[in-house]
C-alpha cells in the first residue's frame, strides 16, 4: 500500500462527505494499492483481477457499483466496456455479481472506514489531522 494525491475530481465528494472525511488526508492523499511500472494494479492480469473476489480490497469488489454511505446508486459505473457484451447480457450477470453482495460490501467498507478513524494503533490508515 502507498499514498497518492488524488485528482480534483476524486477530491470532490459533495455527494458523500463521509468518504471525503474518512479516506482523504488534509494534503489530498489517499491509500492506493501498489502498481506496476505501467500504472496497472499489481493484481491485474490478462483476464482482470487475479485475486478471488472475497479477498479483493472492498473498493475493488464494489466496482462497477456506484455507491455512497447512504447506499448503492441505481446506475452502474460507466467505465466498463459494455459495448462488448451480447444484447441480452447485463453487466452484473457477465461479472457474476449480485446487488446483495454489493450492498454487503458497501456496509462493510463504511464500517471499516469508521473503525479505522478510531484505531489508535493504526494512525497510518487514518486521515492525518
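Some notes on this structure:
- Checking each residue of the range 102-111 against the condition of being surrounded by 14 or more Cβ atoms within 10 Å (Cβ to Cβ), at negative phi and modelled with pLDDT under 90 gives no match.
- Subset of the range 1-25 [surrounded by 16 or more Cβ atoms within 10 Å (Cβ to Cβ) and outside any loop (DSSP other than H, G, I, E, B)]: 19, 20, 22, 23
- Yes/no for residue 9 being out of contact with any helix residue (DSSP H, G or I) (no Cβ under 9 Å at 6 or more places or on another chain), within 14 Å of residue 106 (Cβ to Cβ) and without any contact (Cβ under 8 Å) to a residue 24 or more places away in the chain: no
- Residues of the range 26-69 satisfying the condition of being under 21 Å from residue 102 (Cα atoms), part of a loop (DSSP other than H, G, I, E, B), in contact with a strand residue (DSSP E or B) (Cβ under 8 Å, 6 or more places away or on another chain) and modelled with pLDDT of 90 or more: 43, 50, 56, 64
- Selection count where residues are part of a loop (DSSP other than H, G, I, E, B) and either touching a strand residue (DSSP E or B) at 6+ places or on another chain (Cβ under 9 Å) or modelled with pLDDT under 90 (or both), scope the range 70-85: 6
The values are calculated or read from the model by the stated rules, or taken from the named source; none is laboratory data. These numbers were taken from a predicted model, which means no experiment stands behind them. Virtual Cβ from ideal backbone geometry, glycine too; neighbours counted across all protein chains shown.
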